[in-house]
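Q: Dropping the structure in here first, questions after.
The values are calculated or read from the model by the stated rules, or taken from the named source; none is laboratory data. Just so it is clear, the model here is predicted, and its values are computed rather than measured. Heads up, the Cβs are rebuilt from the backbone with ideal geometry, glycines too, and the neighbour counts pull from every protein chain shown. With ligands, DNA and RNA removed, areas are computed over all heavy atoms of the protein, side chains included. Shrake-Rupley method; radii C 1.70, N 1.55, O 1.52, S 1.80 Å.
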Amino acid sequence: MNQSASPAKSSPCCRFESYGVRVELRSNDAAVVERAKQVATKSLLGDLRMIRGNSVDHVVDMPRTKSGSYKMILNGETVAGATRSATKFFKFFDAMIRVTIGEYAVDRVILHAGVVSWRGRGIIMPANSFQGKSTLTAELVKNGAVYMSDEFAVLDAGGRVHPFARTLSMRRNDASYTPYDLTAAELGGTSATEPVSVGTILLTGYKPGARWRPRILSPGEGVLALIPYTLSLRHKPNFSLKVLNSVATHAIIASSRRDTAEKFVKTFLNFVDKHVN
């Protein structure tokens, strides 16, 4: 998708490229562009570079009204209505820019998943928000796994998974579910710096008192199970399916309900040791 970038003189803007996706950020307020640039840099873990030229894939307009409200327009379509809360606006932008890059990444396939490395092989845990993937990822890190991501499994064309080690986004275990962030170091662990091959795909969900009774899926079943979590599938179906098939062919794919993360992780790591490492 090629968008027509605005001439530099028409409004404050910046253009960057991340994972092969070219994005222009623009606004009638230079401070909005600068803050969005800072948020995008942090959101994408610095994996972006500023670019020149008028050819981009996506344009994010962020006009500021006279009353001080913010609005967001992605490729001509309003995606965030007027709000006066800068915190809410840039939090939405933070999530939106990651998903946009994830959907259109040129040579990567990105899944919603928690990821750790155990004895040099990747463990991918596909899950949507509020399904316990961050809690499970954190518990694995506490038990010696190397942290790779609690949000995206970034797969290259060869099926290796790359680190996307944002801070773990946790929620307090009380009525408020207040969010807070943790680093791998605060959990007593370390973060990966290099890609690894995928050894295990874990398809699970929490159920109080559930026993770990894994069913080993075939590669075909595994690909079908991964499809709902694959951001790029709609825009790059052939490439996405090729990469998913490569991963599913070389990994153990285990599906089962589980009890709490604390009760589950040692049993699961023993399983991985027995079947993978």
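Q: If you go through the range 166-189 one residue at a time, how many are under 16 Å from Leu140 (Cα atoms), free of Cβ contacts under 8 Å to residues at least 12 places away in the same chain and either open to solvent by less than 100 Å² (accessible area, probe 1.4 Å) or of a type in the set (S, T, N, Q) (or both)?
A: Number of matching residues: 1.
Q: Report, by residue number, each residue of the range 75-115 that is out of contact with any Leu (no Cβ under 8 Å at 6 or more places or on another chain), assigned to a loop (DSSP other than H, G, I, E, B), of a type in the set (D, E, K, R) and over 19 Å from Val39 (Cα atoms).
A: Within the range 75-115, just Asp107 meets the criteria.
Q: A follow-up question, please. Consider Val223 carefully, then state whether it is touching a Gly at 6+ places or on another chain (Cβ under 7 Å) and farther than 24 Å from Val39 by Cα.
A: no
Q: When only residues in the range 190-234 that are touching a helix residue (DSSP H, G or I) at 6+ places or on another chain (Cβ under 6 Å) and of a type outside the set (A, V, I, L, M, F, W, C) count, which is surrounded by the most Cβ atoms within 10 Å (Cβ to Cβ)?
A: By that ranking, first place goes to Thr230.
Q: Let me ask something else. How do the pairs read when you match residues in the range 233-258 that are in contact (Cβ under 8 Å) with a residue 40 or more places away in the chain and under 24 Å from Gly120 (Cα atoms) with residues anywhere that are assigned to a helix (DSSP H, G or I) and open to solvent by 40 Å² or more (accessible area, probe 1.4 Å), using Cβ under 6 Å and keeping only pairs 6 or more apart or on different chains?
A: What qualifies is Ala248/Pro219; Ile252/His275.
Q: Next question. Can you name the residue in the range 116-139 that is open to solvent by less than 50 Å² (accessible area, probe 1.4 Å) and assigned to a strand (DSSP E or B) and, of all such residues, is nearest to Asp181 (Cα to Cα)?
A: Here the residue is Val116.
Q: State which residue is least open to solvent (accessible area, probe 1.4 Å) when the search covers only the range 251-277 and only residues that are among the polar types (S, T, N, Q) and more than 16 Å from Ala145 (Cβ to Cβ). Break it down into steps so the answer makes sense when it comes.
A: Going through the range 251-277, the residues among the polar types (S, T, N, Q) turn out to be 255-256, 260, 267, 270, 277.
Next, from what is left, pick out any that are more than 16 Å from Ala145 (Cβ to Cβ): 255-256, 260.
Working: Ser255: 40, Ser256: 15, Thr260: 38 Å².
In this case the residue turns out to be Ser256.
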